[in-house]
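Participant: This is the structure I want to talk about, given as structure tokens.
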Amino acid sequence: MAVDRLPDGKWQLTLHDLEPVSVHRPASDEVHIILAPPCATRPAAAADPRQTAGVFTPDPIRIDTAARTVCIDGRQLDVPRLEFDLLAHLVLHPRRAFTRQQLMAAVWPDCRSSARTVDVHIARLRRRLGPGRRTLISTVFGVGYKYLPTA
């Protein structure tokens with residue numbers, strides 16, 4: 001990513017290897033852009049623990065936020081809207097623990113339900129992922145949940 005000041009005083013943001021997922025322009029001059037790596041190829045960083053001897057091991061769960069699809073080991077999985085939003089948030093932030101309140105605020109900011117709603121949706125997601133993949137969503141006791149691509 002590069003940020004440059006143009007001769008007319010405006011700022012230019014150049015994104016490398018990223019695609020805009022959504023763009024929201026409020027009434028002010030602000031622009032909110034949510035970014036994600038391209039779905040076709042993912043850069044393999046040298047410090048990435050999934051990379052061994054130059055071979056990049058892809059995540060078991062692939063999320064395409066633009067098409068709103070979930071792929072597990074090459075097969076597409078049908079996921080309802082709320083569960084998709086929750087899974088996408090966890091997968092796009094691997095190994096980061098989120099409290100239930102953080103997940104509610106990030107995924108369903110207008111929801112007035114109990115934070116236990118997250119538990120219900122996590123349980124449904126784990127059932128959808130199946131026995132071999134349910135451990136990818138890990139419970140962090142006393143905190144909440146996180147996605148572990150190499151469970």
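Read the figures in this text as sums done on the coordinates, not as results from a lab. Because the structure is a prediction, the values reported are computed rather than measured. FYI the Cβ positions are ideal-geometry reconstructions off the backbone, even for glycines, and counts take in every protein chain you see.
Participant: What residues qualify as long-range amide H neighbours of D59, i.e. H under 5 Å apart, gap of 5 or more or another chain, H built at 1.01 Å from N?
Facilitator: HN-HN under 5 Å from D59: empty list.
Participant: Could I ask something else about it? Can you list the HN-Hα couplings for the range 102-110, worked out from phi with the Karplus curve (6.51, -1.76, 1.60; θ = phi - 60°), rounded to whole Hz and with x for Gly and Pro?
Facilitator: Each residue's phi maps through the Karplus curve to give 5, 5, 4, 5, 7, 9, 10, x, 9 Hz.
Participant: Tell me, what HN-Hα J-couplings in whole Hz come from the Karplus equation 6.51 cos²θ - 1.76 cosθ + 1.60 at θ = phi - 60° for each residue of the range 62-74, using x for Gly and Pro?
Facilitator: Karplus values, whole Hz, x for Gly and Pro: 10, 10, 10, 6, 5, 8, 6, 10, 10, 10, 10, 6, x.
Participant: State, to one decimal in nm, how far the label point of R95 lies from the label point of R75, with both points 7 Å from Cα in the Cβ direction.
Facilitator: Here the modelled spin labels are 2.9 nm apart.
Participant: While we're on this one: From the phi angles alone, apply the Karplus equation (6.51, -1.76, 1.60; θ = phi - 60°) to the range 76-92 and give each ³J(HN,Hα) in whole Hz, x where the residue is Gly or Pro.
Facilitator: Going residue by residue, I get 7, 10, 7, 10, x, 3, 5, 5, 4, 4, 5, 5, 4, 4, 5, 5, 6 Hz, with x marking Gly and Pro.
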